[in-house]
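For reference, the structure is listed below as C-alpha cells.
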Amino acid sequence: MLRLLQTSDLHLGARNVDLGEAAATLRDRRFAAFERALALAISEKVNLVLIVGDLFDTNEVTRGLVTRVAAGLAGLATAGIRTVILPGDHDRAGSASVYRAFDLGALAGAPDSVTILDPLAGPAGDLSLPELGLTLTARFPAPELHDDRWRIGLVHRQARPRDDEIAGAGVDYLAVGGPHEESSGVAADVAWGASGAPDPVDPGRDRSGEVILVRLDERGDRRSVSVERHRVGSTRYEALALDLGGFADDGALEAAIAARADGGAGADLILDVHLSGAWSDALEADPDALEARLRPRFLGLRIRSDGSPALTGGAIPPAETVGGAYIRDLEARIANPVEGDLPVDELREALRLGRQLLIAGSDR
C-alpha cells in the first residue's frame, strides 16, 4: 500500500491588504497549517507529499520565505519522504518562476527528494519512481502507458475538471489543485481528490482547512484508492445573515453578532455578517459602527447591510402638520421614484430621521 499526503493552494506570502490588521496574523496561520501538514505526513509515514499548485501566492517571494519552506521540506527528506510540487496559477511555471529563481531541493539539503513537476515540459516532465511502483504526470489527459505502475496525475485549475475529463485522464488517481474547498469522488474508474486550502484563503470558503491522505492499495489484480480528510487549519469562516426586523434595538443586534465570539470562539473566526430587511426607528443599524465596536472580539469581521428603514406604521399625523406633510411627501417619493430625485435608500433614511425629529413621542 502506498500513502500520499496531498495539499494545494497554500498561498504562502499572500499580502491580503484588504484584511487590514488581520493580514499578518493570517499569513502566520497559513504557514502554521503548512507545518502541521508536514508533521502529519511524517507521523503517518507517507511515501510522498504532493503540493498541487499555489504553494506560494506569487513568484515574487522573499528568500526568507523560501528558506522557511525549504526547512520544512528538509524535515520530510530526513524522514525518507519525497515531495512533488506542481506550479499553479499564482506561482506559475516559466522563466520568472520562483522554482527557477530558487532550488528548493538544494536549499533543503536534499536535491533528490524535492521535484518540481513542470506542466510545460511534456513527457520530460513526468516523474518515474520505480522503487514505489508509480509514475507522476502533469500532462492532462495523460497518454496511455503500457506498464503496471500506479499512475498519478496532477492538475491545477480554478474549477475542478468535469467528470468526463477526469474519466479520460488516463490515470489511477487525479490530484486536483485550484479549488479552495475540499471535494473528492470517482469518475468512471478514476478516483480524484481536491484537498482545498489548508487554511482559509477566500472569505466564503468554509470547506477549507484540510489536507487529504490518499491510500493506493493493490491486492492481487485488484486496485483501490481511498481518500481521507484531516484538518490542519485553525482559521474558521462563518457567514451570518440577520433580518433587522427581528431586533428591538441596537443592543440586541450587537449581542446577536457578539454571541458568535462567546467562549473565545471569535479568536479563530472570520465572521461575515449580512444585514437585511427593514428596521424600526429604535435601531441605528450602522454597520461601520457595529464593526468598529465588535472587531476586537474576532479574528476578522465584516458587516454589510442592504437593509432599509421601515416605512411608517400605524396612524400618521394630520396632513396639515409639519410631521404629517413630511411623512406623506417622503413616502410618496419612495413609492413612485422619479429621475433626478434622491436614491430610495436615502429617502428612506431621511424618512426615519424626520420621524424621530418631527414627531418623536407622538402616537403615530
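Under Stokes-Einstein, with the Kirkwood radius over Cα pairs as Rh, the value for the chain at 10 °C and 1.306 mPa s is 67 µm²/s. Each label was represented as a point 7 Å from its Cα along the Cα-to-Cβ direction; for Ala23 and Arg100 these points are 2.8 nm apart.
Projecting the Cα atoms of Ile316, Tyr237, Ala96 onto the charge dipole of the chain (Cβ charges, centred on the Cα centre) puts Ala96 farthest toward the positive pole.
Provide, for q = 0.11, 0.23, 0.24 Å⁻¹, the log10 of I(q)/I(0) from a solvent-free Debye sum over equal Cα point scatterers in region 1-80. Per q value, in the given order, log10 I(q)/I(0) is -0.31, -1.13, -1.20. In region 145-220 the Cα-Cα distances spread across 5 Å bins starting at 0 as 3, 15, 25, 22, 16, 10, 5, 2, 1, 0 percent of all pairs.
The distance between label points at Ala289 and Asp163 comes to 5.3 nm (points 7 Å beyond Cα on the Cα→Cβ vector). Spin-label model, Asp217 to Glu320: label points 7 Å out along the Cα-to-beta-carbon direction sit 9.0 nm apart.
Note on region 236-310: Kirkwood hydrodynamic radius from all Cα pairs is 12.3 Å, rounded to one decimal.
By the scheme Lys and Arg +1, Asp and Glu -1, what is the net charge of all other residues having a beta-carbon under 10 Å from that of Glu284? Every neighbour counted, the sum reads -3.
Work out the length of the dipole vector of region 236-310 about its Cα centre, built from +1 on the beta-carbon of each Lys and Arg and -1 on the beta-carbon of each Asp and Glu, and round it to the nearest 20 debye. About 340 debye. Judged by the mean number of other Cβ atoms found within 10 Å, the most tightly packed of the peptides 214-223, 51-60, 152-161, 227-236 leads the ranking 51-60, 152-161, 227-236, 214-223.
Candidates Ala142, Ala169, Val114 compared by Cα position along the dipole of region 67-180: farthest toward the positive end lies Val114, with charges placed on Cβ. In the calculated pair-distance distribution of region 60-100, the portion above 16 angstrom amounts to 46 percent of the Cα-Cα pairs. Local charge for Leu132 was computed over the other residues whose Cβ lies under 15 Å away, with Lys and Arg +1 and Asp and Glu -1, and equals -1. Averaging over all projection directions, the Cα-based convex hull of region 167-300 occupies 11.1 nm² in the image plane.
Look at where the Cα atoms of region 144-211 and of region 213-263 average out, and the two centres are 21 Å apart.
Around the Cα centre of the chain, unit charges on the Cβ atoms of Lys, Arg, Asp and Glu (plus for the first two, minus for the last two) sum to a dipole of about 1100 debye. Over region 288-364, the alpha carbon radius of gyration divided by the compact-protein estimate 2.2 N^0.38 Å works out to 1.42.
No value in this document is a laboratory result; all are computed from the given coordinates. Computed from a predicted model, the values in this text were never measured in an experiment. Please note: Cβ atoms are built from the backbone with ideal geometry, for glycine as well, and neighbour counts cover all protein chains shown.
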